[in-house]
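Novice: I'd like to ask you about the structure that follows.
All of the numbers you see were taken from the coordinates with simple rules; none came from a lab. This one's a predicted model, so the numbers in the text were calculated from it and none came from an experiment. Virtual Cβ from ideal backbone geometry, glycine too; neighbours counted across all protein chains shown.
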Amino acid sequence: MYTSAASVPFDADDLKDLLTQSRSANEAANVTGVLLYRQGRFVQYLEGDEATVRELVDRIGADPRHGGFRVLVDDEHDSRFFPQWTMGFVSEEAEAALMPIGFRTAFNDIDVLDEDPPAALRAFRQLSRMFRDRPGN
């Protein structure tokens with residue numbers, strides 16, 4: 001799981017292009033996960049073969065569209081958290097419509113937890129569960 005800031009804000013077309021490219025490449029590499037984008041910030045959780053994911057993370061970290069790239073969690077699991085998603089995504093507009101009152105509205109607690117990776121992972125899973133578990137996914 002990493003976080004980064006977009007070097008230049010992404011509009012809907014930019015995000016659509018990124019998502020199309022990511023889904024195709026991830027399917028070919030057997031990588032699954034979810035990408036969250038809000039107010040110029042990315043949080044992405046990737047899962048798959050360790051070498052494949054590490055290579056992908058290195059490529060993303062070197063991508064000039066990202067700044068302030070930081071790996072928050074580098075962990076291995078026996079099963080995938082998002083086994084059906086080549087790259088799940090929800091736009092900020094859809095997120096706002098789905099967000100119950102009092103629910104998480106930012107990535108702040110994910111982004112600042114460098115000293116506590118398990119807490120960062122729990123926070124990310126809580127945030128992503130809303131997208132993963134909603135009807136239609």
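Novice: Within segment 71-81, does at least one residue satisfy the condition of being farther than 15 Å from SER22 by Cα, of a type in the set (S, T, N, Q) and free of Cβ contacts under 8 Å to residues at least 24 places away in the same chain?
Specialist: The first filter runs over segment 71-81 and keeps only residues farther than 15 Å from SER22 by Cα, leaving 71-81.
Narrowing the set further to residues that are of a type in the set (S, T, N, Q) leaves 79.
Then drop every residue that is not free of Cβ contacts under 8 Å to residues at least 24 places away in the same chain, which leaves 79.
Checking segment 71-81: at least one residue is farther than 15 Å from SER22 by Cα, of a type in the set (S, T, N, Q) and free of Cβ contacts under 8 Å to residues at least 24 places away in the same chain.
Novice: Any residue in segment 54-67 that's on the phi < 0 side of the Ramachandran plot: show its pairings with residues that are of a type in the set (Ser, Thr, Tyr) and surrounded by 14 or more Cβ atoms within 10 Å (Cβ to Cβ) at Cβ separation under 6 Å, as long as the two are six or more apart or on different chains.
Specialist: Hits for this filter: HIS66/SER4.
Novice: Further, regarding this structure: Mind checking which residues of segment 2-53 are in contact (Cβ under 8 Å) with a residue 60 or more places away in the chain and among the basic types (Lys, Arg)?
Specialist: ARG23, ARG38, ARG41
Novice: Return yes when ALA5 is more than 13 Å from the chain's Cα centre (by Cα), surrounded by 13 or more Cβ atoms within 10 Å (Cβ to Cβ) and of a type outside the set (Ser, Thr, Tyr) and no when it is not.
Specialist: Working: more than 13 Å from the chain's Cα centre (by Cα): no; surrounded by 13 or more Cβ atoms within 10 Å (Cβ to Cβ): yes; of a type outside the set (Ser, Thr, Tyr): yes.
No; evaluated as a whole, the condition is false for this residue.
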